[in-house]
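Asker: Shown below is the structure under consideration.
The values are calculated or read from the model by the stated rules, or taken from the named source; none is laboratory data. As the structure is a computational prediction, the values presented were derived from the model and not from experiment. Virtual Cβ from ideal backbone geometry, glycine too; neighbours counted across all protein chains shown.
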Amino acid sequence: MDTKLLVTLAICRLIVAVGLTLDPTELSRLAVRGELSAEAADLEAASVDFGGVRRVEPMAVLRPANAGDVARLVRAAYESAHGFTVSARGHGHSINGQAMTAAGVVLQMSGAAAAVPKPLVSEKFMYADVWGGELWIDVLKSTLEHGLAPKSWTDYLYLSVGGTLSNAGISGQAFNHGPQISNVHELDVVTGKGESVTCSEEQNSELFHAVLGGLGQFGVITRARIALEHAPQRVRWIRVLYSDFQAFTKDQEYLISLHGQPPAQKFDYVEGFVIVDEGLINNWRSSFFSPRNPVKFSSVKSDGGVLYCLEITKNYDQSTADTVDQEIDVLLKKLKFIPSSVFTTDLPYVDFLDRVHKAELKLRSKGLWDVPHPWLNLFVPKSRIDEFDRGVFKGILGNKTSGPILIYPMNKNKWDERTSAVTPEEEVFYLVALLRSAVENGNESQTLKNLQSQNRDILKFCKESGIEMKQYLPHYSTQQEWKEHFGEKWERFQHRKLQFDPKHILSTGQLIFTPSFNAMTASW
C-alpha cells in the first residue's frame with residue numbers, strides 16, 4: 001500500500017478516535033520514509049506485551065526508517081494544536097503496558113524498516129554504534145565478527161538496546177562492570193520536543209544522564225555507543241547448592257567484593273536463584289545433566305523446604321585454558337556450599353550468553369511462552385535480605401512456584417547516581433526477581449490471580465516491615481507512588497521532564513505524567 005495512503009489512514013483513525021482536528025500542515029509533518037500503519041494486525045501486535053496482563057490499542061504504529069522519522073513524528077505531536085502521544089516499543093518485553101498508548105502512535109523500534117543502520121564496530125576505540133531498536137543478540141553477533149563483545153548484559157538477549165538502557169540492563173556481570181547504563185559512551189536522542197540531540201558525559205550531559213534509566217520519559221534513543229571488550233572464547237559454567245541462606249549470601253557478597261581484582265582472581269559472572277519447589281531443582285539441573293538421576297531435597301538437607309543455588313562462570317580462551325581449572329579451584333575452596341552439589345559444564349561464550357533463548361524455544365514448543373508473566377523485580381538492601389528470605393521465600397511463597405526466582409547482589413559504586421535509575425541507599429543491594437508464568441492448568445497456585453495476589457503480599461510485607469526496597473522495571477498507578485519510588489531524585493526527574501518533554505508526550509504507559517494538552521487530559 002502507498003505510504004501516503006497509509007499515513008492518511010492512520011491519521012484519520014487518530015482523528016476519529018480521539019476527536020482531534022489536524023490541519024494539513026500537521027499531516028505533512030508525518031511524511032515519513034518508514035511504514036506508518038493503522039491496519040488491524042499491526043495495532044493488535046502493539047497492543048499487548050510480554051506481561052500479558054494489559055491490552056491497550058494505539059491509533060497507529062510507525063516503523064521508522066531512520067532517526068529522522070522518529071524526530072518528525074515526535075515533532076508533529078509536540079507542535080500539534082491538539083496533540084497526541086508517542087510510545088517507543090522495542091521487542092515488546094514490558095510487563096505492565098509501559099510501551100503502550102491509547103491516545104497516539106507506537107514507535108516500533110525493533111524490526112524497523114530496512115534502512116536503519118547496522119551496528120558499526122570500532123576495533124580501535126572499542127565501541128559499537130547501534131540503532132536504538134537493535135536487539136542485543138544482533139549486537140553480539142556483529143561485535144563477535146571483530147572478536148569483541150559488550151561488557152554488561154541482560155540474561156535474555158532478545159531485548160532492544162533502547163529498552164534496556166531506559167531501565168538499567170542487569171545480569172551477573174553487573175557486580176564487575178556495572179549495569180548496561182554504566183557502559184555507554186554516547187547517545188543520539190529525540191527529545192519530547194522532536195529535537196535530535198547527541199549527548200554524552202561531556203556534551204548535553206543532563207539529557208544523557210536523564211535518558212539512562214529514564215523509563216523513556218525524556219527521549220527516544222535512536223543510537224547508542226556501547227563500550228566493548230575482547231570476547232572470550234569459552235565459559236566454565238558452575239552451579240552449587242546451599243541449604244543455609246546466610247552462608248549463600250555471605251559467599252555471594254564475598255565474590256562481588258573481588259570486582260577490582262585481576263581476572264584470574266575473580267569470577268566473571270555471579271548470580272543465584274531460589275528453589276522452593278522440588279520439581280524445579282531437576283529442571284534447573286537439566287541444562288547440565290540428564291534428568292535420569294534426580295536430586296531430592298532430602299538428599300541436600302534443605303532448610304525449611306528451600307534451597308539456594310549459586311551460579312558462577314569463568315571465561316577463558318586458548319591462552320588461559322591451562323590455568324582455568326586451578327583458578328576456579330582456588331576460588332571455590334573459600335566458599336561454604338554443599339560439597340556434593342557441584343555441577344559444571346563448559347560451552348562457547350555465545351552459547352552461555354544466549355542460554356535463555358534455548359529455554360524459550362522449549363517453552364514455545366509446549367505453548368508455554370505466550371502466557372501471562374506477572375513478574376516482580378525488586379532491589380532489596382543487603383541489611384534486610386535475611387528478613388526478606390524468612391518472610392517471602394520461607395513464608396509467602398509456600399513450596400510452589402511457576403518460574404525462576406533470581407537473587408544476586410550488586411555493588412552500588414558501579415552505578416552512576418547522575419542517571420535516572422533508582423537503587424537502595426546501601427552499598428550492596430540484591431536483585432530479587434520473581435519471574436513467574438501464569439498457567440491455567442488446574443493448579444490454583446499457578447493462576448494469574450494467585451500470582452498477582454502473592455506479588456501484592458510481597459510488596460505489603462516489605463512496606464509493613466520497613467524494608468526500603470526499590471522496584472526494578474517499576475510499575476505504579478499514581479504519581480504519589482512514583483514520588484516515593486524516586487525519593488530524593490524526584491525533583492530532578494520532574495525538572496528534567498519539564499526540560500525535555502514539557503507536554504508529557506512520551507511513554508505515557510508508565511503512568512508517571514499526564515499529557516498536558518487539554519483534549520488528552522479530558523479523556524485520560
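Asker: With the condition being within 20 Å of the chain's Cα centre (by Cα) and not acidic (Asp, Glu), I'd like the strands (runs of 3 or more DSSP E) fully within the range 318-416 carrying at least 2 qualifying residues.
Answerer: 376-381, 405-411
Asker: (1) free of Cβ contacts under 8 Å to residues at least 60 places away in the same chain; (2) under 19 Å from SER87 (Cα atoms): which one isn't true of ASP138, the others all being true?
Answerer: Tallying (1) free of Cβ contacts under 8 Å to residues at least 60 places away in the same chain; (2) under 19 Å from SER87 (Cα atoms), ASP138 fails exactly one: (2).
Asker: Kindly provide the set of residues from the range 236-266 that are within 23 Å of TYR127 (Cβ to Cβ) and under 24 Å from the mean Cα position of the chain (by Cα), ordered by number.
Answerer: Across the range 236-266, the qualifying residue is only HIS259.
Residue-by-condition table, conditions (1) assigned to a helix (DSSP H, G or I); (2) under 23 Å from the mean Cα position of the chain (by Cα); (3) closer than 30 Å to ASP370 by Cα:
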{"site": "ALA433", "(1), (2), (3)": "no, yes, yes"}
{"site": "ASN455", "(1), (2), (3)": "yes, yes, yes"}
{"site": "LYS463", "(1), (2), (3)": "yes, no, no"}
{"site": "HIS475", "(1), (2), (3)": "no, yes, yes"}
{"site": "GLU491", "(1), (2), (3)": "yes, no, no"}
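Asker: Just to check your reading of the model, which residue among LYS414, LYS382 is surrounded by 15 or more Cβ atoms within 10 Å (Cβ to Cβ), under 22 Å from ILE275 (Cβ atoms) and in contact (Cβ under 8 Å) with a residue 40 or more places away in the chain?
Answerer: LYS382
Asker: Here are THR313, THR323: which of them is modelled with pLDDT of 90 or more, in the same structural domain as TYR242 (by TED's automatic domain parsing), among the hydroxyl-bearing types (Ser, Thr, Tyr) and exposed (fewer than 14 other Cβ atoms within 10 Å of the Cβ)?
Answerer: THR323
Asker: From the list ALA88, ALA40, ALA71, pick out the single residue that is over 30 Å from LEU451 (Cα atoms), at pLDDT 95 or above and not hydroxyl-bearing (Ser, Thr, Tyr).
Answerer: Every option except ALA71 fails the conditions.
Asker: Oh, and also: Somewhere in the range 140-149, is a residue buried (at least 21 other Cβ atoms within 10 Å of the Cβ) and part of a helix (DSSP H, G or I)?
Answerer: yes
Asker: Hey, does the range 79-92 have a residue that's assigned by TED's automatic domain parsing to the domain that holds LEU511, among the aliphatic types (A, V, I, L, M) and within 26 Å of GLN180 (Cα to Cα)?
Answerer: Looking for residues that are assigned by TED's automatic domain parsing to the domain that holds LEU511, among the aliphatic types (A, V, I, L, M) and within 26 Å of GLN180 (Cα to Cα), one finds at least one in the range 79-92, hence yes.
Asker: Also, I was wondering about something else. Restricted to the range 43-68, and to residues that are over 30 Å from LEU451 (Cα atoms) and of a type in the set (A, V, I, L, M, F, W, C), which residue is surrounded by the fewest Cβ atoms within 10 Å (Cβ to Cβ)?
Answerer: So, considering only residues that are over 30 Å from LEU451 (Cα atoms) and of a type in the set (A, V, I, L, M, F, W, C), the one surrounded by the fewest Cβ atoms within 10 Å (Cβ to Cβ) is ALA65.
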